[in-house]
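Note sheet for the following structure.
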Amino acid sequence: MKPRNYSILTFLISIVLIIFGIYIAEAQTTVTLNVNQPAALLVDAGIDVSINEGESATLGGTPTATGGYGDYSYLWSPSTDIDNPALSNPLVTPASTTIYSVSVTDAKGCTNSDNISITVIPQTGLTEKDNKHSITLFPNPVRGLLSIRSSDLPGNIITVYLLNSTGQIIFIKPAILQNNILDETLDLSGLPKGSYIIKLENEDVIHINHIILQ
């Protein structure tokens, strides 16, 4: 019985595998796919604003929706006091302070949303008999310190009232007038954010201003 020559057989198998490997390597093809992904769907409900009772405001940004696959549909809620909740920039006349939300859907069904707050300053029944004197309140909106300035107020003293949006008195502060000049600073930093009323009053003047505390 002749011994088998395993070394020659192993050599031949190795040659075949090498040739087969070269063929496979040459047959390989690199495929590059370019996928055009649009920008993310962004929604802008607009900037928070304050209006007087009975006034209107426009909702939405400029524009209200960008990115995504276009062909947007809009849904504003709550839908009360809105002329058309399906518009991108509807007109709203809220009876009281309201937070509105808009949901936007694009052509592929992607959705996103945003909110806007409309602060309504109600009528308080306060009457103003002074329109002759220049009184400046700044900054407005205010974040802490409110300055009240005037250079032509009659009398020696004037009372400064701070009222909330319903007309309830928060505090009362007398201010001295020097040569008809008012230079007063109020610290409102400890109060809740919202709309307030500044009322200045003496025998000759009743002056009313609305302010927003942020």
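Using the structure shown, decide if residue 83 is of a type in the set (Asp, Glu), exposed (fewer than 13 other Cβ atoms within 10 Å of the Cβ) and more than 30 Å from residue 186 (Cβ to Cβ). Yes; evaluated as a whole, the condition is true for this residue.
Exactly one residue among 182, 162 is surrounded by 12 or more Cβ atoms within 10 Å (Cβ to Cβ), modelled with pLDDT of 90 or more and within 30 Å of residue 95 (Cα to Cα), and that residue is 162.
Would you point out which residue out of 209, 202, 164 is more than 21 Å from residue 119 (Cβ to Cβ) and touching a residue at least 12 places away in the same chain (Cβ under 8 Å)? Break it down stepwise before answering.
On the way: 209 fails: more than 21 Å from residue 119 (Cβ to Cβ); 164 fails: more than 21 Å from residue 119 (Cβ to Cβ).
None of the other options fit; the residue is 202.
Filtered by the rule that a residue be at pLDDT below 70 and either surrounded by fewer than 16 Cβ atoms within 10 Å (Cβ to Cβ) or within 16 Å of residue 166 (Cα to Cα) (or both), the stretch 120-144 gives 122, 123, 124, 125, 126, 127, 128, 129, 131. Hey, does the stretch 96-111 have a residue that's assigned to a loop (DSSP other than H, G, I, E, B) and at pLDDT below 90? Looking for residues that are assigned to a loop (DSSP other than H, G, I, E, B) and at pLDDT below 90, one finds at least one in the stretch 96-111, hence yes.
The values are calculated or read from the model by the stated rules, or taken from the named source; none is laboratory data. None of the values given here were measured: they were computed from a predicted structure. Here Cβ is always computed from backbone atoms with ideal geometry, including for glycine, and neighbour counts include all displayed protein chains.
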